[in-house]
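Starting off with a structure, shown below.
Every number here is computed from the coordinates shown, using simple stated rules; none is lab data. Keep in mind that what you see is a predicted model, and the values were worked out from it rather than measured. Cβ placement follows ideal geometry from the backbone for every residue including glycine, while neighbour counts extend to all protein chains displayed.
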Amino acid sequence: MKILLLISFILFSFCSEIDAQSISFGSGGSKEDSAKDFQFLPIPYINYDRSLQFQFGALPMAMYTLNKKDTISPQSISGIIGIWTTNKSWFLIGFSQFYLKEDRWRVVLAGGLVSVNFQTYVDLPINGFVDYNTAADFVYLEAKRRIFKDVYLGLNYTYSSFNTRFAVNRRLKRPISMELV
């Protein structure tokens, strides 16, 4: 527990002040605008719930301008989410959203690996709680083209794979193999 408190203290100590929103009055192309061509946002994550228990992680993100000559597109964003829990579950997800060609094109990429430990109650023949693990991986791709003012049309693709394993052998005298794919 001491190591978790130390890591939490370090994360909160080294995080810089982050402005969630900023309002700019005046013309574009100022020194302030050029200084915002790249922003790094380290966001710590700490949570507790009864299912996953203590959760500790980070969400480092970068906001950046892909083309300095493009003054219309919003900043693109990329980041990684990493979370570990005291019940030995973990999540690792990467993502990016790109704004291209004066915001005529938008591209989203995401992918990740997840391993969640949980339990469920099983009546007969076990009459008790059974631990299980669900491992998953996924990839998400999306490309959209502006066809009218704020209307975009595009395609997306999602791949996902789940594997669930139950730990029933510890609860029964005879082994039973249960695997859902």
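Provide the per-residue ³J(HN,Hα) series for the stretch 98-110, in order, calculated from phi with Karplus coefficients 6.51, -1.76, 1.60 and θ = phi - 60°, each as a whole number of Hz, with x at glycine and proline positions.
10, 10, 10, 6, 6, 6, 7, 10, 10, 10, 10, 10, 8
Arrange the following residues from fewest to most other Cβ atoms within 10 Å of their Cβ: Glu102, Glu142. Don't jump to the answer; show the numbers that get you there.
Values: Glu102 13, Glu142 16.
By the 10 Å Cβ count, ascending: Glu102, Glu142.
I need to check one value: relative contact order of the stretch 55-101, counting alpha carbon pairs closer than 8 Å and at least 6 residues apart, in percent. Spell out each step's value before the answer.
Values: 81 pairs, mean separation 18.4, N = 47.
Relative contact order for the stretch 55-101 comes out at 39 percent.
To continue, here is another question. How would Thr85, Thr164 line up from fewest to most surrounding beta-carbon atoms within 10 angstrom?
On the way: Thr85 21, Thr164 15.
Sorted ascending by nearby Cβ count, the order is Thr164, Thr85.
Just grab the label-to-label distance for Val122 and Gln75, each label 7 Å out from Cα along the Cβ direction, in nm (one decimal).
For Val122 paired with Gln75, the spin-label model returns 5.0 nm.
Still on this structure: For a quick check: with amide H placed at 1.01 Å from N, whose amide H comes under 5 Å from Ile126's, ignoring anything fewer than 5 positions away on the same chain?
Counting only residues 5 or more places away or on other chains, the set is empty.
Can you tell me the equivalent ellipsoid semi-axes for the stretch 39-154? Use √(5λ) from the Cα gyration tensor, largest first, whole Å. Mind dumping the intermediate values first?
On the way: eigenvalues 313, 65, 18 Å².
So the three semi-axes of the stretch 39-154 are 40, 18, 10 Å.
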